[in-house]
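The values are calculated or read from the model by the stated rules, or taken from the named source; none is laboratory data. It should be emphasised that the depicted structure is a prediction, and the values quoted were computed from it without experimental measurement. Reconstructed Cβ throughout: ideal geometry from the backbone, glycine too, with neighbour counts over all protein chains shown. To get the accessible areas, we keep the full protein, side chains included, count just its heavy atoms, and leave off ligands, DNA and RNA. Shrake-Rupley method; radii C 1.70, N 1.55, O 1.52, S 1.80 Å.
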Amino acid sequence: MTVTWEELGWERLAAGVGRCRLPGWDCTAGLVTGAGAALVVDAGSSVAEGTRLRARAEALAGGPVTHLALTHPHFDHVFGAAAFADAELFAPVGMDTLLEQRQARDELRADAVGNGLEPSLAAEAAGALPRPRHLVSGEWTLDLGGGRQVLLANVGPGHTAHDLAVLVPGSPEVVFCGDLVEESDDPQAGPDAVPSRWPAALDRLLALGGEDALYVPGHGAVVDAAFVRAQRDALAARFGVSR
């Protein structure tokens, strides 16, 4: 029996493209389906959540998740990655080295616990993080079959030193932004942010998607290009970045 996006709590954005808002931190996870292949964007905040996410994504795709793209190295986006260990794992260049460092994993675990994740779940996820197999330094086109191609673009730094966006061509075009764009709150700039270069990252994001694309933030409702421009300008003013 075929299930619909809505039945599983997902939002359909275009043919074969959708997203869900995960509980707890309102983190976006995306799905792009092809012919015999499927890409998930971001993995959730724990191995258990990643496992649930994968099961629902595969029910919608009608087959296995074959690719996972991680937009940036924060626990609410990567701690479910072990549930996709057999998929082709993509991430921005440099994120592999970061996640291999014991200190970085400890900091991710501590951040997760500090934000309310159960310590045992945080420890499990930090210890099981898989190493990204494919590192994106510029742009990388994925062919998911059936005429479905997806562009991975390293548009950072900004929200972190390693920020990946995912463009799905079509009508409409869909851009998964990671936390370069947030709708449900002001953009979060932690100690790993690069504020001086964040507005330029949003310029690259806008060039990628264009005026008519749907922009899917890391947290919150889907937005348009005008929202992204306004957030870019607000970030430039907030951090004193000359335009």
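Taking the Cα centre of the chain as origin and assigning +1 to Lys and Arg Cβ atoms and -1 to Asp and Glu Cβ atoms, the resulting dipole is close to 300 debye. Quick check: at a probe of 1.4 Å, how many percent of the accessible area of the chain sits on carbon and sulfur atoms? Solvent-exposed carbon and sulfur of the chain make up 50 percent of the total.
For region 124-237, the solvent-accessible area works out to 39 Å² per residue, with a probe of 1.4 Å and every protein chain left in place. Residue separation of SER137 and ARG238 scaled by 0.36 nm, minus their Cα-Cα distance, works out to 33.6 nm of gained length. Backbone phi angles across region 169-186, fed through the Karplus curve with coefficients 6.51, -1.76 and 1.60 (θ = phi - 60°), yield HN-Hα couplings of x, x, 10, x, 6, 10, 10, 8, 9, x, 8, 4, 10, 10, 10, 7, 7, 5 Hz in residue order; Gly and Pro are listed as x. A Förster radius of 41 Å combined with the Cβ-Cβ distance from THR2 to VAL93 puts the calculated FRET efficiency at roughly 0.60. Using the alpha carbons alone, the radius of gyration of region 67-170 stands to its Kirkwood radius in an Rg to Rh ratio of 1.00.
With contacts taken as Cα pairs under 8 Å and at least 6 residues apart, region 132-172 reaches a relative contact order of 31 percent.
Counting each DSSP H run of 4 or more residues in the chain as -39500 (n - 2.57), what helix-only mean residue ellipticity at 222 nm follows after dividing by all residues, to the nearest 500 deg cm²/dmol? Please report the intermediate quantities before stating the final value.
On the way: 7 runs with 75 residues, N = 243.
The helix-only estimate for the chain comes to -9500 deg cm²/dmol at 222 nm.
Kirkwood radius, region 62-102, all distinct C-alpha pairs, inverse of mean reciprocal distance: 11.0 Å. For region 123-227, averaging the sequence separation of C-alpha pairs within contact (under 8 Å, six or more residues apart) and dividing by the residue count gives a relative contact order of 23 percent. P(r) for region 37-117, from all Cα pairs and a bin width of 5 Å, is 3, 16, 25, 26, 15, 9, 5, 1 %, short bins first. Decide, for region 180-236, between rounded, prolate and oblate: order the square roots of the alpha carbon gyration tensor eigenvalues as a ≥ b ≥ c, take rounded if a/c falls under 1.5, and otherwise choose prolate if a/b is larger than b/c, else oblate. Oblate, since a/c reaches 1.5 and b/c is not below a/b. When restricted to Cα atoms, region 100-221 yields an Rg and a Dmax of 16.0, 44 Å, respectively. Take the Cα of PHE227, step 7 Å toward its Cβ, do the same at ARG12, and the gap between the two points is 2.1 nm.
Taking Cα centre as origin and charging only the Cβ of basic (Lys, Arg, +1) and acidic (Asp, Glu, -1) residues, the dipole magnitude of region 91-169 rounds to 160 debye.
Semi-axis lengths, largest first, of the ellipsoid equivalent to region 1-45 are 18, 13, 9 Å, with √(5λ) applied to each eigenvalue of the Cα gyration tensor.
Which translational diffusion coefficient, to the nearest whole µm²/s, is obtained for region 132-180 from the Stokes-Einstein equation, given a Kirkwood hydrodynamic radius over C-alpha pairs, 20 °C and 1.002 mPa s?
Numbers: Rh = 11.5 Å.
Roughly 186 µm²/s, to the nearest whole number.
Separation of region 182-243 from region 50-64 is 30 Å, based on Cα centroids.
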